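Reviewing the structure listed below.
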Amino acid sequence: MYPFIFRPILKEIIWGGTDIRPFKGLTPTGEAIGESWELSHVKGNYSVVANGALEGQTIDDLIATYGARLVGEKVMQRFGRTFPLLIKFIDARDNLSIQVHPDDSLAWERHRSFGKTEMWYVVKASSGAALYSGFSRPTDAGEYVRRAGDGTLMDVLRRYEVLAGDVFFLPAGRVHAIGAGCFIAEIQQTSDVTYRIYDYNRRDAAGNSRELHTEQAKDAIDYTFCSDYRTAYTPRPDEAVSLVQCDYFTTLLLDLSRPAVRDLAALDSFVIYICLEGRLTLCDHQSNELTVHQGQTVLISADTNAVTLRPEPRAKVLETYVDAR
């Protein structure tokens with residue numbers, strides 16, 4: 001198989017900004033695009049191939065036809081015919097709601113769905129832009145319910161002002177929210193289950209408050225307190241820098257000024273490249289080539305032994321896969 005790119009699924013959302021289209025090289029329209037789903041196997045939002053001989057086929061079609069050749073033997077044994085990751089760009093013009101996602105066990109029990117562990121890479125941020133991750137001090141379920149009821153939940157959430165390059169790992173159960181002015185690349189499990197627990201008392205155009213999921217969230221929240229919820233790493237140009245390793249994905253950052261050969265033979269997993277800056281050409285071991293620019297996402301099949309990434313002249317990418325070894 002050759003490297004795949006997909007048609008973006010653009011989501012017009014009330015809190016969305018206007019940066020996603022120009023970031024991806026698309027014609028600006030003025031629409032409030034809050035999210036671009038780059039690679040999705042969420043029901044009703046299947047990504048469609050945009051290049052090559054299989055153009056027009058969905059990610060579901062690819063899995064049905066190629067199975068483990070596409071995703072990897074162990075990945076398929078674990079996740080079946082569901083592509084396990086959802087890749088997004090998020091542009092927040094306004095604050096998103098405070099929310100939490102259930103883990104696999106609770107999501108399956110309640111929704112017959114996978115849970116949602118995710119990570120954020122801050123692509124860019126306005127001056128003073130911030131996000132929320134975790135609690136600012138030890139908190140339990142009783143305090144959560146009380147504060148959710150009296151509107152003081154924000155008083156015990158950890159707020160972080162952010163800069164481009166900041167990384168946050170968000171295991172299922174961690175309370176979180178993206179703030180206004182944040183432009184983020186998100187890697188998450190394939191799940192659309194979200195419990196909204198605070199929405200700044202906002203109302204829609206009809207004057208209605210958005211639904212909150214206070215009780216469902218109570219059992220989904222992980223109340224474990226951490227002193228710092230950021231992901232620390234040291235940037236190293238032209239090296240693969242590990243950002244996140246968890247049961248659901250491994251993600252590395254490559255900031256390239258010269259060609260890099262990535263040996264994928266032992267992974268037994270698909271690999272995804274998310275281009276954050278610049279432009280590069282990918283060439284696989286079968287001499288398939290694809291030129292990719294900022295804002296595009298590429299899926300490399302599990303039967304690919306190696307790829308060479310050639311920046312033109314510089315490029316910054318996230319590399320992510322499922323480590324099933």
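For segment 216-256 and segment 103-171, what is the separation of their C-alpha centers, rounded to whole Å?
First find each Cα centre; the distance between them is then 13 Å.
Just to be sure I understand the model, the point goes 7 Å from the Cα along the line to the Cβ. What's the resulting Y200 to S127 distance in nm?
2.0
Round to a whole number: what % of the accessible area of segment 1-137 belongs to carbon and sulfur, probe 1.4 Å?
Here carbon and sulfur together make up 47 percent of the probe-accessible area.
Are there trypsin sites (Lys or Arg not before Pro) in segment 18-107 that DSSP puts in a loop and that have at most 16 other Cβ atoms within 10 Å, and which ones? Numbers along the way, then the final one.
Working: sites: K24, K43, R69, K74, R78, R81, K88, R93; in loops: K24, K43, R81, R93.
In loop regions of segment 18-107 (DSSP not H, G, I, E or B), the sparsely surrounded trypsin sites (Lys or Arg not before Pro) are K43, R81.
How would H101, H111 rank on accessible area, largest to smallest, probe 1.4 Å?
Ranking H101, H111 by accessible area, largest first, yields H111, H101.
Which loop-located chymotrypsin sites (Phe, Trp or Tyr not before Pro) does segment 57-128 contain, where loop means any DSSP state but H, G, I, E or B and the Cβ has at most 15 other Cβ atoms within 10 Å? Write down the numbers at each step before the final one.
Working: sites: Y66, F79, F89, W108, F114, W120, Y121; in loops: F114.
Qualifying residues, ordered by number: none.
Are there GluC sites (Glu not before Pro) in segment 207-264 that DSSP marks as loop and that have at most 15 other Cβ atoms within 10 Å, and which are they?
E211, E239
In terms of the Cα gyration tensor, with a ≥ b ≥ c the square roots of its eigenvalues, is segment 1-143 rounded because a/c is under 1.5, prolate because a/b exceeds b/c, or oblate?
oblate
For the pair T65 and R258, what calculated FRET efficiency results from E = 1/(1 + (r/R0)^6), where r is the Cβ-Cβ distance and R0 = 56 Å, to the nearest 0.05?
In this case the efficiency is close to 0.95.
Let me check against my output: what whole-number percent is the relative contact order of segment 187-318, with C-alpha pairs under 8 Å and at least 6 apart?
22 percent.
Kindly sort M1, M76, M119 by accessible area of their heavy atoms, largest first, with the probe set to 1.4 Å.
The ordering from most to least exposed comes out as M76, M1, M119.
How large is the accessible surface of C226 in square angstrom, using a 1.4 angstrom probe and rounding to the nearest 10?
Result for C226: roughly 40 Å² accessible.
Give me the base-10 log of I(q)/I(0) for segment 109-174 at each q in 0.19, 0.27, 0.28 Å⁻¹, Debye formula, one uniform scatterer per Cα, rounded to two decimals.
For segment 109-174, the Cα-only Debye profile gives -0.91, -1.12, -1.14.
For the chain, report the accessible area per residue in Å² (1.4 Å probe, heavy atoms, rounded to an integer). Could you put the intermediate results ahead of the total?
On the way: 13790 Å² over 325 residues.
Accessible area per residue, the chain: 42 Å².
Hey, how much of the P(r) for the chain falls beyond 35 Å, as a percent of Cα pairs?
Numbers: 10234 of 52650 pairs.
Distances greater than 35 Å cover 19 percent of the Cα pairs.
Would you mind telling me the share, in percent, of accessible area of segment 261-325 contributed by carbon and sulfur at probe 1.4 angstrom?
Values: 1010 of 2400 Å².
Taking all protein chains in place, segment 261-325 shows 42 percent carbon and sulfur surface.
The values are calculated or read from the model by the stated rules, or taken from the named source; none is laboratory data. From a predicted model like this one, the values you see are computed outputs, not experimental measurements. Note that we place each Cβ from the backbone using ideal geometry, even for glycine, and neighbour counts take in every protein chain shown. Surface areas here come from the heavy atoms of the whole protein model, side chains and all, with no ligands, DNA or RNA. Shrake-Rupley method; radii C 1.70, N 1.55, O 1.52, S 1.80 Å.
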